[in-house]
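What follows is a single structure, written as C-alpha coordinates, with notes after it.
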Amino acid sequence: MANEIAERFFPEVLGQDNAVQTLTAALTAGRAPHAYLFTGPAGVGKKTTARAWAKALLCVSPTSVGIPCAACSACKKVNAHSHPDLLWVDFEFQAALLKEPLDKQKSLKIATVREMERLLRLKPLEGRVKVAVLTPADLVGDDASHALLKILEEPPPGTHIVLISDEAGALLATIRSRCQRVRFRPLALEVVSDIVAREHGNRPAAEVDRAARAADGSVERARALLEENTVLAFDWATCPLSELLTWCEGFQNPRVGRTGAERFLEALLAQFQLDVRAGDRSADDLDRALLALTRIRQNANVGLTLQHLLLHIRRNARKHGG
Ligand SMILES: [Zn+2]
(Lines give C-alpha, C1' and ligand atoms only; values in the text may rest on other atoms or scores of the structure.)
Protein backbone atom coordinates (compact mmCIF):
# COMPACT_ATOMS: atom_id res chain seq x y z
CA MET A 1 0.00 0.00 0.00
CA ALA A 2 2.72 2.43 1.04
CA ASN A 3 4.46 1.54 -2.23
CA GLU A 4 1.37 2.20 -4.32
CA ILE A 5 0.87 5.65 -2.86
CA ALA A 6 4.56 6.46 -3.29
CA GLU A 7 4.30 5.41 -6.93
CA ARG A 8 1.40 7.78 -7.47
CA PHE A 9 3.34 10.65 -5.91
CA PHE A 10 6.53 9.91 -7.83
CA PRO A 11 5.63 7.94 -10.97
CA GLU A 12 8.71 9.12 -12.87
CA VAL A 13 11.16 7.95 -10.21
CA LEU A 14 12.24 4.36 -10.81
CA GLY A 15 14.05 2.00 -8.49
CA GLN A 16 14.44 4.36 -5.48
CA ASP A 17 11.75 2.97 -3.18
CA ASN A 18 13.30 4.15 0.11
CA ALA A 19 13.78 7.69 -1.10
CA VAL A 20 10.27 8.06 -2.51
CA GLN A 21 8.73 6.56 0.62
CA THR A 22 10.53 9.08 2.81
CA LEU A 23 9.34 11.96 0.63
CA THR A 24 5.79 10.61 0.36
CA ALA A 25 5.56 10.25 4.15
CA ALA A 26 6.58 13.91 4.57
CA LEU A 27 3.99 15.05 2.02
CA THR A 28 1.10 12.98 3.35
CA ALA A 29 1.87 14.15 6.89
CA GLY A 30 1.87 17.76 5.67
CA ARG A 31 5.41 18.17 6.98
CA ALA A 32 7.57 18.96 3.96
CA PRO A 33 10.90 20.06 5.48
CA HIS A 34 12.58 23.31 4.46
CA ALA A 35 15.73 21.59 3.33
CA TYR A 36 16.58 18.18 1.97
CA LEU A 37 19.97 16.81 1.03
CA PHE A 38 19.77 14.15 -1.69
CA THR A 39 22.94 12.05 -1.77
CA GLY A 40 24.07 9.04 -3.76
CA PRO A 41 26.05 8.15 -6.89
CA ALA A 42 25.67 10.15 -10.11
CA GLY A 43 22.93 9.16 -12.52
CA VAL A 44 20.56 7.29 -10.20
CA GLY A 45 17.59 9.69 -10.23
CA LYS A 46 18.31 12.46 -7.72
CA LYS A 47 17.41 15.28 -10.12
CA THR A 48 14.36 13.47 -11.45
CA THR A 49 13.20 13.02 -7.86
CA ALA A 50 13.86 16.69 -7.02
CA ARG A 51 11.72 17.72 -9.98
CA ALA A 52 8.93 15.36 -8.87
CA TRP A 53 9.22 16.77 -5.34
CA ALA A 54 8.83 20.30 -6.70
CA LYS A 55 5.78 19.19 -8.66
CA ALA A 56 4.17 17.83 -5.50
CA LEU A 57 4.76 21.20 -3.78
CA LEU A 58 3.66 23.37 -6.69
CA CYS A 59 0.74 21.45 -8.27
CA VAL A 60 -2.41 23.60 -8.20
CA SER A 61 -4.93 20.75 -8.35
CA PRO A 62 -3.58 17.81 -6.36
CA THR A 63 -5.82 14.94 -5.20
CA SER A 64 -7.31 15.09 -1.69
CA VAL A 65 -4.18 13.39 -0.28
CA GLY A 66 -1.87 15.75 -2.16
CA ILE A 67 -0.83 13.64 -5.14
CA PRO A 68 0.23 15.99 -7.97
CA CYS A 69 -2.16 15.85 -10.93
CA ALA A 70 0.54 15.90 -13.67
CA ALA A 71 -1.89 17.85 -15.87
CA CYS A 72 -2.30 21.36 -14.42
CA SER A 73 -0.33 24.32 -15.72
CA ALA A 74 2.04 24.15 -12.72
CA CYS A 75 2.84 20.45 -13.27
CA LYS A 76 3.36 21.09 -16.97
CA LYS A 77 5.65 24.04 -16.31
CA VAL A 78 7.74 22.04 -13.84
CA ASN A 79 8.12 19.31 -16.47
CA ALA A 80 9.05 21.88 -19.10
CA HIS A 81 11.64 23.49 -16.76
CA SER A 82 9.73 26.77 -16.93
CA HIS A 83 7.90 27.18 -13.61
CA PRO A 84 8.78 30.62 -12.21
CA ASP A 85 8.69 29.39 -8.58
CA LEU A 86 11.14 26.55 -9.18
CA LEU A 87 14.76 27.70 -9.24
CA TRP A 88 17.26 25.28 -10.64
CA VAL A 89 20.57 26.58 -9.27
CA ASP A 90 23.34 24.83 -11.21
CA PHE A 91 26.25 25.62 -13.54
CA GLU A 92 23.87 26.68 -16.30
CA PHE A 93 22.13 29.13 -13.95
CA GLN A 94 25.52 30.48 -12.88
CA ALA A 95 26.88 30.78 -16.43
CA ALA A 96 23.82 32.85 -17.38
CA LEU A 97 24.06 34.94 -14.21
CA LEU A 98 27.78 35.70 -14.61
CA LYS A 99 27.59 35.84 -18.42
CA GLU A 100 30.38 33.25 -18.71
CA PRO A 101 30.72 30.12 -20.88
CA LEU A 102 29.16 27.00 -19.37
CA ASP A 103 32.33 24.92 -19.59
CA LYS A 104 34.23 27.45 -17.45
CA GLN A 105 32.02 26.73 -14.41
CA LYS A 106 33.98 24.65 -11.91
CA SER A 107 32.30 25.57 -8.61
CA LEU A 108 29.16 27.35 -7.43
CA LYS A 109 30.09 30.86 -6.32
CA ILE A 110 28.86 33.21 -3.65
CA ALA A 111 27.18 35.47 -6.23
CA THR A 112 25.10 32.48 -7.32
CA VAL A 113 24.06 31.56 -3.78
CA ARG A 114 23.16 35.20 -3.09
CA GLU A 115 21.09 35.35 -6.26
CA MET A 116 19.29 32.20 -5.17
CA GLU A 117 18.52 33.83 -1.82
CA ARG A 118 17.30 37.03 -3.49
CA LEU A 119 14.93 35.08 -5.71
CA LEU A 120 13.71 32.93 -2.82
CA ARG A 121 12.81 36.06 -0.87
CA LEU A 122 10.49 37.28 -3.63
CA LYS A 123 6.81 36.30 -3.35
CA PRO A 124 5.82 33.16 -5.25
CA LEU A 125 4.49 34.12 -8.67
CA GLU A 126 2.14 31.21 -9.27
CA GLY A 127 2.38 28.69 -6.45
CA ARG A 128 2.03 28.90 -2.68
CA VAL A 129 5.72 28.24 -2.12
CA LYS A 130 9.09 28.62 -3.82
CA VAL A 131 11.40 25.68 -4.44
CA ALA A 132 15.15 25.82 -5.11
CA VAL A 133 17.21 22.85 -6.24
CA LEU A 134 20.95 23.41 -5.90
CA THR A 135 23.34 21.06 -7.70
CA PRO A 136 26.13 19.97 -7.42
CA ALA A 137 26.10 20.90 -3.72
CA ASP A 138 29.56 19.35 -3.18
CA LEU A 139 30.99 21.98 -5.56
CA VAL A 140 29.83 25.00 -3.57
CA GLY A 141 32.93 27.13 -2.96
CA ASP A 142 34.14 28.12 0.54
CA ASP A 143 32.61 31.62 0.74
CA ALA A 144 29.48 30.37 -0.95
CA SER A 145 29.16 27.56 1.63
CA HIS A 146 28.88 30.09 4.42
CA ALA A 147 26.27 32.07 2.50
CA LEU A 148 24.36 28.84 1.88
CA LEU A 149 24.57 27.89 5.55
CA LYS A 150 23.02 31.23 6.50
CA ILE A 151 20.08 30.60 4.19
CA LEU A 152 19.59 27.13 5.67
CA GLU A 153 19.72 28.54 9.20
CA GLU A 154 17.03 31.10 8.44
CA PRO A 155 15.19 29.97 5.33
CA PRO A 156 12.89 32.60 3.83
CA PRO A 157 9.31 31.65 4.77
CA GLY A 158 7.46 29.40 2.35
CA THR A 159 10.60 28.05 0.71
CA HIS A 160 11.85 24.53 0.15
CA ILE A 161 15.45 23.82 -0.77
CA VAL A 162 16.90 20.59 -2.13
CA LEU A 163 20.67 20.18 -2.20
CA ILE A 164 21.90 17.45 -4.53
CA SER A 165 25.30 15.87 -4.05
CA ASP A 166 27.22 12.88 -5.40
CA GLU A 167 29.84 13.42 -2.67
CA ALA A 168 28.07 14.30 0.58
CA GLY A 169 31.37 14.06 2.46
CA ALA A 170 32.57 17.21 0.67
CA LEU A 171 29.84 19.36 2.29
CA LEU A 172 30.31 21.33 5.51
CA ALA A 173 29.04 19.26 8.44
CA THR A 174 26.99 22.29 9.50
CA ILE A 175 25.23 22.30 6.12
CA ARG A 176 24.57 18.57 6.29
CA SER A 177 23.10 18.88 9.76
CA ARG A 178 20.64 21.58 8.61
CA CYS A 179 19.12 19.29 5.99
CA GLN A 180 17.13 16.10 6.13
CA ARG A 181 19.16 13.54 4.27
CA VAL A 182 17.67 11.22 1.64
CA ARG A 183 19.98 8.52 0.37
CA PHE A 184 19.82 7.24 -3.20
CA ARG A 185 21.33 3.89 -4.13
CA PRO A 186 22.82 2.51 -7.35
CA LEU A 187 19.93 1.31 -9.52
CA ALA A 188 19.20 -2.34 -10.22
CA LEU A 189 20.51 -3.55 -13.59
CA GLU A 190 16.96 -4.05 -14.96
CA VAL A 191 16.02 -0.46 -14.13
CA VAL A 192 19.10 0.94 -15.91
CA SER A 193 18.47 -1.34 -18.92
CA ASP A 194 14.79 -0.35 -19.12
CA ILE A 195 15.53 3.38 -19.00
CA VAL A 196 18.32 3.40 -21.58
CA ALA A 197 16.52 0.91 -23.85
CA ARG A 198 13.53 3.27 -23.93
CA GLU A 199 15.75 6.26 -24.76
CA HIS A 200 17.80 4.41 -27.36
CA GLY A 201 15.14 2.34 -29.11
CA ASN A 202 17.18 2.41 -32.33
CA ARG A 203 20.28 0.76 -30.84
CA PRO A 204 20.87 -3.01 -30.90
CA ALA A 205 19.64 -4.64 -27.67
CA ALA A 206 23.04 -6.27 -27.06
CA GLU A 207 24.76 -2.89 -27.15
CA VAL A 208 22.29 -1.37 -24.69
CA ASP A 209 22.66 -4.40 -22.45
CA ARG A 210 26.48 -4.15 -22.46
CA ALA A 211 26.34 -0.47 -21.53
CA ALA A 212 23.81 -1.12 -18.74
CA ARG A 213 25.97 -3.91 -17.30
CA ALA A 214 29.09 -1.75 -17.29
CA ALA A 215 27.29 1.23 -15.74
CA ASP A 216 27.34 0.23 -12.04
CA GLY A 217 23.72 1.18 -11.50
CA SER A 218 24.02 4.66 -13.03
CA VAL A 219 21.80 5.70 -15.93
CA GLU A 220 24.12 8.62 -16.64
CA ARG A 221 27.09 6.27 -17.00
CA ALA A 222 25.11 3.92 -19.28
CA ARG A 223 24.14 6.87 -21.50
CA ALA A 224 27.75 8.08 -21.63
CA LEU A 225 28.96 4.59 -22.60
CA LEU A 226 26.43 4.42 -25.44
CA GLU A 227 27.42 7.88 -26.62
CA GLU A 228 31.09 6.94 -26.47
CA ASN A 229 30.43 3.90 -28.65
CA THR A 230 28.75 6.16 -31.19
CA VAL A 231 31.71 8.53 -31.06
CA LEU A 232 34.28 5.77 -31.56
CA ALA A 233 32.29 4.23 -34.42
CA PHE A 234 31.99 7.47 -36.41
CA ASP A 235 33.65 7.32 -39.83
CA TRP A 236 35.48 10.66 -39.63
CA ALA A 237 38.03 9.75 -42.32
CA THR A 238 35.70 9.37 -45.28
CA CYS A 239 32.35 10.94 -44.35
CA PRO A 240 31.22 14.10 -46.23
CA LEU A 241 32.94 17.25 -44.99
CA SER A 242 29.75 18.88 -43.69
CA GLU A 243 29.02 15.77 -41.57
CA LEU A 244 32.51 15.92 -40.10
CA LEU A 245 32.11 19.58 -39.13
CA THR A 246 28.72 18.96 -37.49
CA TRP A 247 30.13 15.96 -35.67
CA CYS A 248 33.02 18.03 -34.26
CA GLU A 249 30.62 20.77 -33.18
CA GLY A 250 28.65 18.13 -31.30
CA PHE A 251 31.49 18.02 -28.78
CA GLN A 252 30.54 21.51 -27.61
CA ASN A 253 27.54 19.81 -25.98
CA PRO A 254 28.37 19.50 -22.28
CA ARG A 255 27.07 15.93 -22.08
CA VAL A 256 29.44 14.52 -24.71
CA GLY A 257 31.92 17.36 -24.37
CA ARG A 258 35.50 17.28 -23.31
CA THR A 259 35.48 13.75 -21.88
CA GLY A 260 33.99 12.32 -25.07
CA ALA A 261 36.64 14.11 -27.14
CA GLU A 262 39.41 12.84 -24.86
CA ARG A 263 38.13 9.24 -25.20
CA PHE A 264 37.94 9.63 -28.97
CA LEU A 265 41.50 10.99 -29.19
CA GLU A 266 42.87 8.29 -26.90
CA ALA A 267 41.34 5.63 -29.16
CA LEU A 268 42.62 7.50 -32.22
CA LEU A 269 46.16 7.63 -30.79
CA ALA A 270 46.14 3.91 -30.09
CA GLN A 271 45.07 3.26 -33.69
CA PHE A 272 47.66 5.72 -35.11
CA GLN A 273 50.47 4.04 -33.17
CA LEU A 274 49.60 0.73 -34.84
CA ASP A 275 49.33 2.44 -38.25
CA VAL A 276 52.71 4.16 -37.89
CA ARG A 277 54.38 0.90 -36.88
CA ALA A 278 52.84 -0.82 -39.89
CA GLY A 279 54.08 2.00 -42.15
CA ASP A 280 50.54 3.06 -43.09
CA ARG A 281 50.66 6.53 -41.55
CA SER A 282 53.15 9.35 -41.07
CA ALA A 283 54.50 10.06 -37.59
CA ASP A 284 53.29 13.64 -38.17
CA ASP A 285 49.64 12.49 -37.80
CA LEU A 286 50.51 10.86 -34.51
CA ASP A 287 52.24 14.02 -33.22
CA ARG A 288 49.31 16.18 -34.21
CA ALA A 289 46.78 13.90 -32.52
CA LEU A 290 48.84 13.93 -29.35
CA LEU A 291 49.08 17.72 -29.46
CA ALA A 292 45.30 18.00 -29.92
CA LEU A 293 44.70 15.78 -26.89
CA THR A 294 47.07 17.90 -24.79
CA ARG A 295 45.34 21.10 -25.89
CA ILE A 296 41.89 19.74 -25.11
CA ARG A 297 43.08 18.67 -21.68
CA GLN A 298 44.36 22.22 -21.22
CA ASN A 299 40.90 23.63 -21.97
CA ALA A 300 41.25 24.54 -25.65
CA ASN A 301 38.01 24.80 -27.64
CA VAL A 302 37.04 21.15 -28.18
CA GLY A 303 35.11 21.44 -31.45
CA LEU A 304 37.70 23.64 -33.19
CA THR A 305 40.68 21.58 -32.03
CA LEU A 306 39.08 18.39 -33.37
CA GLN A 307 38.14 20.10 -36.65
CA HIS A 308 41.71 21.35 -37.24
CA LEU A 309 43.19 17.96 -36.48
CA LEU A 310 40.82 15.80 -38.51
CA LEU A 311 40.75 18.14 -41.53
CA HIS A 312 44.54 18.17 -41.58
CA ILE A 313 44.76 14.38 -41.38
CA ARG A 314 42.20 13.97 -44.16
CA ARG A 315 44.17 16.36 -46.41
CA ASN A 316 47.40 14.50 -45.63
CA ALA A 317 45.80 11.17 -46.48
CA ARG A 318 44.66 12.53 -49.88
CA LYS A 319 48.15 13.84 -50.64
CA HIS A 320 49.86 10.58 -49.76
CA GLY A 321 47.17 8.13 -50.78
CA GLY A 322 46.98 9.77 -54.27
ZN1 LIG B 1 -0.79 19.57 -11.09
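Just to confirm the number: angle between the C-alpha axis of helix 110-121 and the first principal axis of the chain, 0 to 90 degrees, nearest 10?
Taking the Cα atoms of the chain, the angle to 110-121 is about 40 degrees.
If r is the Cβ-Cβ distance from A237 to A206 and R0 is 30 Å, what FRET efficiency results, to the nearest 0.05?
Details: r = 26 Å, r/R0 = 0.87.
Rounded to the nearest 0.05, the efficiency is 0.70.
Please calculate how many Å² of accessible area segment 234-321 carries per residue, with a 1.4 Å probe and no DNA, RNA or ligand atoms counted.
58
Using a cut-off of 25 Å between alpha-carbon atoms, which lysines can reach K123, once sequence neighbours fewer than 8 places away in the same chain are excluded?
K47, K55, K76, K77, K109, K150
Return one whole number: the accessible area per residue of segment 188-227 in Å², for a 1.4 Å probe.
Result: 55 Å² per residue.
With a 1.4 Å probe and all protein chains left in place, how much accessible area per residue does segment 2-183 have, in Å²?
Result: 48 Å² of accessible area for each residue.
Can you pull the percent of segment 1-160's accessible area that's carbon plus sulfur, 1.4 Å probe, other chains left in place?
That share works out to 54 percent.
Rounded to a whole number, what % of the accessible area of segment 234-321 do carbon and sulfur atoms account for, probe 1.4 Å? Present the calculation step by step, with values, prior to reporting the outcome.
Values: 2690 of 5130 Å².
Roughly 53 percent, rounded to a whole number.
In the Gaussian network model of the chain, springs joining C-alpha atoms below 10 Å, which of T294, T259, T24 carries the largest mean-square fluctuation?
Of T294, T259, T24, the Gaussian network model singles out T294 as fluctuating most.
The values are calculated or read from the model by the stated rules, or taken from the named source; none is laboratory data. No experiment lies behind these values; they were computed from the predicted model shown. No Cβ is skipped: glycine too gets one built from the backbone with ideal geometry, and neighbour counts run over all protein chains shown. Surface areas here come from the heavy atoms of the whole protein model, side chains and all, with no ligands, DNA or RNA. Shrake-Rupley method; radii C 1.70, N 1.55, O 1.52, S 1.80 Å.
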